[in-house]
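Undergrad: To start, I am sharing the structure in question, which I have written as structure tokens.
The values are calculated or read from the model by the stated rules, or taken from the named source; none is laboratory data. Just so it is clear, the structure is predicted and the values come from calculations on it, not from any experiment. Quick reminder, even Gly has a Cβ in these numbers, built from the backbone with ideal geometry, and neighbours come from all protein chains shown.
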Amino acid sequence: MRQPKPVRGFARGLAALEALNRRGAATALELARDTGIPRPTIYRLLQTLLEEGYVARSPSDDRFKPRLKVRGLSDGFEDEQWISAVAAPAMQALTRRLHWPCDLMTLEGTHLVIRETTHRIAPYSIDRNMAGREIPLLESSAGLAYLAALPEDEARELIGLATAGLADGARAALAAGRAVAVARRRGHGLRQGGARWPHTGSVALPIRHQGRVLGGLSVIWMARVVGQEDGVARCLEPLTQTVREIEERLARGEG
């Protein structure tokens, strides 16, 4: 029985989309150079992706960017190996150092889900059974860190989806946009108290790999014991070192 021939155009489309995803934003010339695909072919591929809603085109600088629809290509795919093999040991070491718990969250729809946590081993944790919980994207330090790490138009689109069903959606989207802008300037997400978790504060950083934001890692403290500035002073540098370790191990192909 003869094997069917592969569809070369489809393979080229995937290569172009993968290269665009790595860069975050690119011109057709840059993608042609990255992939070795002739520029006229790249233009046709990008036009197809544009019409199908997978990419957007900036009118100001003629650069193409992936849209949220690209995430749908990975629906049903669970890549948990890097979390258990790389992130979990680093998180445990971080908690042993700080004594406060940490949570690793990834995006599902318009919520974050806690995929790994050290609450069970943290001496100062006051929460339990956190693994698997859905966390609102716009009310958490990890959510702010995640959104701040995305390209601005992609973050804006995700904020719009997260606030679409709210009675005051427009106002909530505006407030979220401002909070994300602050997180982007700071370089981290930050929360102290709040209506949902008045008893805790947290600081968070995104975890990136090959141009993609994999999730957010946060350290949580008791708000009545540790103030916001003190929490950042104690936790941000160790958290930064932990995220750097995770990203470096992923870059080496571990996990």
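Undergrad: Quick one: which residue in Arg196, Arg191 is of a type in the set (D, E, K, R), in the same structural domain as Pro89 (by TED's automatic domain parsing) and out of contact with any Gly (no Cβ under 8 Å at 6 or more places or on another chain)? First the steps, then the outcome.
TA: On the way: Arg191 fails: out of contact with any Gly (no Cβ under 8 Å at 6 or more places or on another chain).
When all the criteria are applied, what remains is Arg196.
Undergrad: Taking Trp100 and the conditions (1) over 22 Å from Lys69 (Cα atoms); (2) crowded, with 21+ Cβ neighbours inside 10 Å; (3) under 17 Å from the mean Cα position of the chain (by Cα), which numbered condition does it fall short on, given that it satisfies the others?
TA: Exception for Trp100: condition (3).
Undergrad: Can I ask one more? With respect to the numbered conditions (1) over 19 Å from Leu112 (Cβ atoms); (2) surrounded by 15 or more Cβ atoms within 10 Å (Cβ to Cβ); (3) not aliphatic (A, V, I, L, M), which one is the sole condition not fulfilled by Gly160?
TA: Going through (1) over 19 Å from Leu112 (Cβ atoms); (2) surrounded by 15 or more Cβ atoms within 10 Å (Cβ to Cβ); (3) not aliphatic (A, V, I, L, M) one by one, Gly160 breaks only (1).
Undergrad: Could you list all residues from the range 20-36 that are outside any helix (DSSP H, G or I) and surrounded by fewer than 20 Cβ atoms within 10 Å (Cβ to Cβ)? It would help to see each step written out before you state the result.
TA: At the first step, the residues of the range 20-36 found to be outside any helix (DSSP H, G or I) are 24-27, 36.
Once the filter is applied, which keeps residues that are outside any helix (DSSP H, G or I) and surrounded by fewer than 20 Cβ atoms within 10 Å (Cβ to Cβ), the range 20-36 yields Gly24, Ala25, Thr27, Gly36.
Undergrad: For Gly194, which of the numbered conditions (1) part of a helix (DSSP H, G or I); (2) touching a residue at least 24 places away in the same chain (Cβ under 8 Å); (3) of a type in the set (Gly, Ala, Ser); (4) surrounded by fewer than 18 Cβ atoms within 10 Å (Cβ to Cβ) fails to hold?
TA: That leaves (1) as the condition not met.
Undergrad: Kindly indicate whether any position in the range 135-145 is part of a loop (DSSP other than H, G, I, E, B), in contact (Cβ under 8 Å) with a residue 60 or more places away in the chain and assigned by TED's automatic domain parsing to the domain that holds Gln228.
TA: yes
Undergrad: Within the range 218-234, does at least one residue satisfy the condition of being crowded, with 17+ Cβ neighbours inside 10 Å, touching a helix residue (DSSP H, G or I) at 6+ places or on another chain (Cβ under 9 Å) and part of a loop (DSSP other than H, G, I, E, B)?
TA: yes
Undergrad: Have a look at Ile126, Ile121 and point out the one that is outside any helix (DSSP H, G or I), touching a residue at least 40 places away in the same chain (Cβ under 8 Å), in the same structural domain as Arg196 (by TED's automatic domain parsing) and surrounded by fewer than 18 Cβ atoms within 10 Å (Cβ to Cβ). Spell out the reasoning first.
TA: Values: Ile121 fails: touching a residue at least 40 places away in the same chain (Cβ under 8 Å).
Only one candidate passes the filter, namely Ile126.
Undergrad: Still on this model: It is to be established whether one or more residues within the range 177-189 are at pLDDT 90 or above, surrounded by 19 or more Cβ atoms within 10 Å (Cβ to Cβ) and over 15 Å from the mean Cα position of the chain (by Cα). Explain how you work it out, then say what you get.
TA: Quick first cut of the range 177-189, residues at pLDDT 90 or above only: 177-189.
Applying the additional criterion that residues be surrounded by 19 or more Cβ atoms within 10 Å (Cβ to Cβ) yields 179-180, 183, 188-189.
Then keep just the ones that are over 15 Å from the mean Cα position of the chain (by Cα); that gives 179.
Yes - at least one qualifying residue is present in the range 177-189.
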